[in-house]
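Undergrad: Sharing a structure below in structure tokens format, with a few things to ask.
Nothing in this text is a laboratory measurement; each read-out follows from the coordinates by a stated rule. As the structure is a computational prediction, the values presented were derived from the model and not from experiment. Note: ideal-geometry Cβ built from the backbone for every residue, glycine included; neighbour counts use all protein chains shown.
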């Protein structure tokens, strides 16, 4: 279980940055070369590749190099794990809020 939590932490850390989220969205359309991914961002290529390294360490992307071109591709499995965690949390909080609502209604109905 601790390994799964560490993996989940890496995914949420990777997703905490807007640049990395934008890269994930772009890779949803298919594998893309580094320079093409970097084009819309106002930063130096070395800074941008640090973002790609974070995404790769989290398992959200993979890369392969062919000649001088490195191409990145999305790996959806870690996103599915994060989604599952959020669904479980949502169910827990909805149940707790329903219990609170029932308690407040019970208080209102007392004489």
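Undergrad: Take the range 56-111 and flag every residue that is at positive phi and either surrounded by 10 or more Cβ atoms within 10 Å (Cβ to Cβ) or touching a helix residue (DSSP H, G or I) at 6+ places or on another chain (Cβ under 9 Å) (or both). Lay out the reasoning, then the answer.
TA: The initial filter retains those residues of the range 56-111 that are at positive phi, namely 59, 67.
If the condition is that a residue be at positive phi and either surrounded by 10 or more Cβ atoms within 10 Å (Cβ to Cβ) or touching a helix residue (DSSP H, G or I) at 6+ places or on another chain (Cβ under 9 Å) (or both), then 59 is the only one that fits.
Undergrad: What number of residues within the range 1-19 satisfy the criterion of being assigned to a helix (DSSP H, G or I) and either without any contact (Cβ under 8 Å) to a residue 40 or more places away in the chain or in contact with a strand residue (DSSP E or B) (Cβ under 6 Å, 6 or more places away or on another chain) (or both)?
TA: Just the residues of the range 1-19 that are assigned to a helix (DSSP H, G or I), to begin with: 2-15, 18-19.
Next, only the ones that are either without any contact (Cβ under 8 Å) to a residue 40 or more places away in the chain or in contact with a strand residue (DSSP E or B) (Cβ under 6 Å, 6 or more places away or on another chain) (or both) stay: 2-3, 5-6, 9, 18-19.
Of the residues in that region, 7 qualify.
Undergrad: Right, another one. Could you tell me whether any residue of the range 40-55 is surrounded by 13 or more Cβ atoms within 10 Å (Cβ to Cβ) and over 21 Å from residue 10 (Cβ atoms)?
TA: Yes, the range 40-55 contains at least one residue that is surrounded by 13 or more Cβ atoms within 10 Å (Cβ to Cβ) and over 21 Å from residue 10 (Cβ atoms).
Undergrad: Turning to a different aspect of this structure: Name the residue that is surrounded by the most Cβ atoms within 10 Å (Cβ to Cβ), counting only residues in the range 20-39 that are touching a strand residue (DSSP E or B) at 6+ places or on another chain (Cβ under 7 Å) and closer than 17 Å to residue 69 by Cα.
TA: 37
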